[in-house]
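Accompanying notes for the structure given below.
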Amino acid sequence: MYRTHTCGELRSENIGQQIILSGWVQRVRDLGAMRFIDLRDRYGITQLVTDENTPESIYEVLENIGREYVIQASGTVRERTSKNPKIPTGEIEVELSGLKILSSSEIPPFTIEEETDGGDELRMKYRYLDLRRPVIRKNLELRASIAGTVRTYLNNEGFIETETPVLIKSTPEGARDFVVPSRMNPGEFYALPQSPQIFKQLLMVAGFDKYYQIVKCFRDEDLRADRQPEFTQMDCEMSFVEQEDVLNTFEGLIKYIFKEVKNVDVENFPRISYSEAMEKYGSDKPDIRFDMTIVDLTDSVKGKGFSVFDNAEYSGAICVQGGADYSRKNIDELTNWVKRPQIGAKGMVYIKYNSDNTIKSSVDKFFNTVDLQRLINIVKADRGDMILLLSGNKNETLNALGELRLEIGKKEGLRIKNVFKPLWVVDFPLLEWDGETERFFAMHHPFTSPKTEDIELLDTDPGRVRANAYDLVINGVEIGGGSVRIFDSELQSKMFSVLGLTREKAIMQFGFLMNAFKYGAPPHAGIAFGFDRLVSLFAGLDSIRDVIAFPKNNAGRDVMMDSPSSISREQLDELNLKITTPQKH
RNA sequence: GGUGGCGUAGUUCAGUUGGUUAGAAUGCCGGCCUGUCACGCCGGAGGUCGCGAGUUCGAGUCUCGUCGUCACCGCCA
């Protein structure tokens with residue numbers, strides 16, 4: 001027997017018991033005649049102790065052990081002379097009567113403690129050591145707990161968890177596919193799924209009615225802190241439902257997770273349209289933990305001889321509460337910030353409504369006090385506030401104002417980590433014009449149904465057609481999204497043709513789905529959640545890497561395994577593949 | 001594809017205008033220590049300043065290139 005207890009469970013009730021523990025050596029404190037060993041496992045740390053009564057044989061073993069050795073310790077639980085209230089096992093210690101090295105360890109490259117001295121790169125390379133740290137392990141425990149909660153909820157709601165294939169067919173729409181060569185079918189490739197989209201719709205045709213899956217998805221696109229090439233979705237689909245049913249079911253799920261995992265009661269999720277989100281927050285994933293909404297001043301600032309405003313397609317403002325005390329330096333910094341290429345504003349105008357009732361702005365030359373007071377009234381600024389204006393092309397300016405709003409929200413401490421404000425963004429546009437290829441793309445995906453009242457616009461003004469599509473946004477992060485699907489093969493064909501797919505191409509790529517729809521497809525709708533993002537939100541992290549056991553780096557490499565890597569000549573031959581560019585290494 | 005940050009001891013970092021033998025903390029090794037729990041005290045070892053070229057009497061420091069890494073833009077239905 002390796003252990004009778006874990007390193008986290010012994011208490012004063014166990015005093016006097018003979019026990020066996022196994023675990024990793026966290027640290028040895030050598031006081032000469034006494035030694036203390038902190039023994040760690042998943043469950044906690046227990047202190048082992050030796051003194052003058054300890055047999056010599058144990059000291060002989062002790063001489064050889066170091067940090068991260070795996071040892072088995074037997075002994076008697078006794079009360080500590082000086083207790084440690086900081087740890088749950090701090091009342092007791094184990095007086096050693098036996099000690100065995102189960103596995104030795106080299107000196108680890110960084111300290112394995114709550115606060116490690118290791119940098120990101122090193123911790124990634126030795127991920128299995130980093131995972132020993134409680135702070136990382138807790139993230140993965142949280143992940144498991146959320147997954148369990150999701151399953152409980154959806155199982156209770158009658159959903160069937162169904163697996164779908166990973167080796168599937170490449171489709172041109174959407175993200176770039178990862179592809180897998182087929183040995184048995186020379187020159188042909190599988191694709192890894194970007195999502196199980198089509199399969200879940202086929203399951204609806206199959207009558208499964210309520211489906212879900214916690215499933216890996218793959219997208220071969222450039223990465224970010226919140227984007228990995230392989231990531232996990234909570235994927236769901238329901239039949240005989242309308243948008244409202246889906247929103248209610250999954251609002252319920254999210255609330256249930258908050259309650260079960262964080263014991264937080266979240267209010268009903270507000271719903272705002274895509275266009276309102278863009279107008280008020282400059283984003284389709286607004287952070288509504290704070291207001292500071294955008295006000296359209298396009299017409300209000302025209303006609304004063306300031307050509308920037310006069311010639312602008314759009315001028316808009318946000319009001320920084322208490323911002324009148326921003327220094328010249330603060331404002332210059334913000335101005336430079338919005339002028340960075342990533343934001344792309346040409347400049348920034350400020351109006352300070354000082355607490356002594358005076359007004360100071362960077363456009364005093366063009367606007368007198370009455371003009372400025374009028375703007376202050378429109379924006380509903382109070383004394384002590386500051387208004388910031390950006391001007392230019394409408395979409396770009398709204399986007400820049402949205403970014404500025406978030407930046408100031410961050411600076412002002414308004415984006416509080418443990419405050420959660422979910423909302424639904426609805427009525428997304430169905431299509432999105434791509435200037436480069438001069439065609440429409442599906443904003444969500446090609447199976448998304450247009451709003452009934454907008455269907456006729458498909459022929460006349462496709463860009464204005466709204467979709468029955470929705471996103472769940474929490475704290476400025478897109479957590480999930482879905483849509484009501486097309487279940488009518490006529491409408492689906494129409495959609496393909498608007499997307500520029502010929503009938504032949506559509507049949508080649510999606511023929512099996514169109515065929516399926518010929519045999520009685522139920523009305524259906526669904527949603528998918530970014531599981532990694534959801535967990536990182538609960539964990540209070542900005543990066544999803546620390547909620548993934550073995551994540552990849554910025555360039556999609558696994559620095560621990562050093563993958564991707566080249567394959568042998570034999571493997572290439574077997575797959576009928578030829579490498580045309582010189583390989584690294 | 002683009003923009004920016006970083007790369008110096010095992011690790012995390014400092015390193016002045018380009019100027020003597022490149023420092024600190026921590027870790028590691030050795031010694032002392034009977035109540036520690038980030039134990040303490042004393043001593044010691046440890047460096048291809050990412051790599052390559054260039055400028056210079058002289059480069060950790062400046063320039064160019066390259067590699068690695070992180071963040072962002074494009075991209076991600």
### Summary
Helix A:369-379 sits off the longest principal axis of the Cα atoms of chain A, rounded to the nearest 10 on a 0 to 90 degree scale, by 60
### Message
So for chain A, averaging the separation of alpha carbon pairs under 8 Å that are six or more residues apart and normalising by length, what relative contact order in percent results?
### Response
13
### Message
For chain A, what are Rg and Dmax over the alpha carbons, in angstrom?
### Response
30.2, 94
## Note on the structure
In chain A the DSSP beta bridges are antiparallel at a rate, in percent to nearest 5, of 95
### Summary
Of all GluC sites (Glu not before Pro) in region A:422-458, the ones in DSSP coil with at most 14 other Cβ atoms within 10 Å are A:436, A:438, A:456
### Task
With only Lys, Arg, Asp and Glu charged, each at its Cβ (+1 for the first two, -1 for the last two), find how big the charge dipole of chain A is about the Cα centre; round to the nearest 20 debye.
680
### Message
Counting only helical runs of four or more DSSP H residues, what would the 222 nm mean residue ellipticity of chain A come to if each run contributes -39,500 (n - 2.57) and the total is spread over all its residues?
### Response
-8000 deg cm²/dmol
### Message
Once you order the gyration tensor axes a ≥ b ≥ c over the Cα atoms, which shape class does region A:501-585 get: rounded for a/c under 1.5, otherwise prolate or oblate by comparing a/b with b/c?
### Response
oblate
### Query
Let a ≥ b ≥ c be the square roots of the eigenvalues of the Cα gyration tensor of region A:195-258; is it rounded (a/c under 1.5), or, if not, prolate (a/b larger than b/c) or oblate?
oblate
### Message
Straight-line reach only, C-alpha to C-alpha below 16 angstrom: list the aspartates and glutamates that residue A:578 could link to, leaving out same-chain residues fewer than 8 apart.
### Response
A:188, A:570
### Query
When the Cα centres of region A:315-345 and region A:140-206 are compared, how far apart do they sit, in Å?
44
### Query
About the Cα centre of region A:12-103, what is the dipole size in debye to 20, counting +1 per Lys and Arg Cβ and -1 per Asp and Glu Cβ, all else neutral?
380
### Task
Could you tell me which of A:413, A:377, A:445 has its Cα farthest along the dipole of region A:375-488 towards the positive end, charges placed at Cβ (Lys, Arg +1; Asp, Glu -1), taken about the Cα centre?
A:413
### Shape category assigned to region A:332-376 from the gyration tensor of Cα positions, a/c cut at 1.5
prolate
## Note on the structure
To the nearest 10 degrees, the tilt of helix A:394-411 (Cα long axis) against the first principal axis of the alpha carbons of chain A is 30
### Loop sites in region A:8-97: chymotrypsin sites (Phe, Trp or Tyr not before Pro), DSSP, at most 16 other Cβ within 10 Å
A:43
### Task
Select from A:520, A:551, A:481 the residue farthest towards the positive end of the dipole of region A:464-585; place +1 on Cβ of Lys and Arg, -1 on Cβ of Asp and Glu, and compute about the Cα centre.
A:520
### Summary
Between residue A:273 and residues 5 or more places away or on another chain, the pairs with built amide H atoms under 5 Å apart involve A:426
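Each value in this text was obtained by applying a stated rule to the coordinates, not by laboratory testing. All values derive from a computational prediction rather than experimental measurement. Cβ: placed from backbone, ideal geometry, glycine included. Neighbour counts: every protein chain shown.
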